[in-house]
Amino acid sequence: QVQLVESGGGLVQSGGSLRLSCAASGIVVSFSGMGWGRQAPGKQRELVASITSGGKTNYVDSVKGRFTISRDNAKNTVYLQMNSLNVEDTAVYYCNTVLMGYDYWGQGTQVTVSS
């Protein structure tokens with residue numbers, strides 16, 4: 001059974017930083033493609049960062065140069081380091097993986113950026 005548990009969200013001022021964590025069970029993150037998505041109120045969920053099993057990372061343009069996805073294989077955990085946050089980054093952030101064609105999402109963690 002795949003479980004993804006996010007943590008690390010909170011309230012931060014514009015220009016600040018946060019690091020999100022995703023503790024995974026039921027999968028091995030070093031063997032899996034992992035991602036972080038977000039959903040702002042009234043908007044569709046979008047995948048903003050991903051990392052392949054080989055370690056290749058990809059980002060949407062709106063977060064490039066500000067967000068960094070990484071993983072700790074020993075802890076079976078994936079991280080999203082978010083710097084230079086702005087109010088447009090306010091959203092619920094979700095950890096994601098796809099296994100056997102099925103999309104798994106965590107319960108999400110709220111990130112709120114104040115101006």
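Quick notes on this structure:
- Residue tally, condition outside any strand (DSSP E or B) and among the polar types (S, T, N, Q), over the stretch 40-65: 4
- Qualifying positions in the stretch 33-55 - in contact with a Ser or Thr (Cβ under 6 Å, 6 or more places away or on another chain) and surrounded by 20 or more Cβ atoms within 10 Å (Cβ to Cβ): M34, G35, I51
- The stretch 94-115 - residue that is of a type in the set (S, T, Y) and in contact with a strand residue (DSSP E or B) (Cβ under 9 Å, 6 or more places away or on another chain) and, of those, most open to solvent (accessible area, probe 1.4 Å): S115
- Hits in the stretch 1-15 - residues which are open to solvent by 30 Å² or more (accessible area, probe 1.4 Å) and among the hydrophobic types (A, V, I, L, M, F, W, C): V5, L11
- Residues of the stretch 70-93 that turn out to be touching a residue at least 60 places away in the same chain (Cβ under 8 Å), open to solvent by less than 30 Å² (accessible area, probe 1.4 Å) and part of a strand (DSSP E or B), as a count: 4
- Candidates in the stretch 94-115 are the residues that are of a type in the set (S, T, Y) and assigned to a strand (DSSP E or B); of these, the one that is nearest to Q44 (Cα to Cα) is Y94.
The values are calculated or read from the model by the stated rules, or taken from the named source; none is laboratory data. On a predicted model such as this, the values are computed, not experimentally measured, just so you know. Note that each Cβ is placed from the backbone with ideal geometry, even for glycine, and that neighbours are counted across all protein chains shown. Just so you know, the surface numbers come from the protein's heavy atoms only, side chains and all, with ligands and any DNA or RNA stripped out. Shrake-Rupley method; radii C 1.70, N 1.55, O 1.52, S 1.80 Å.
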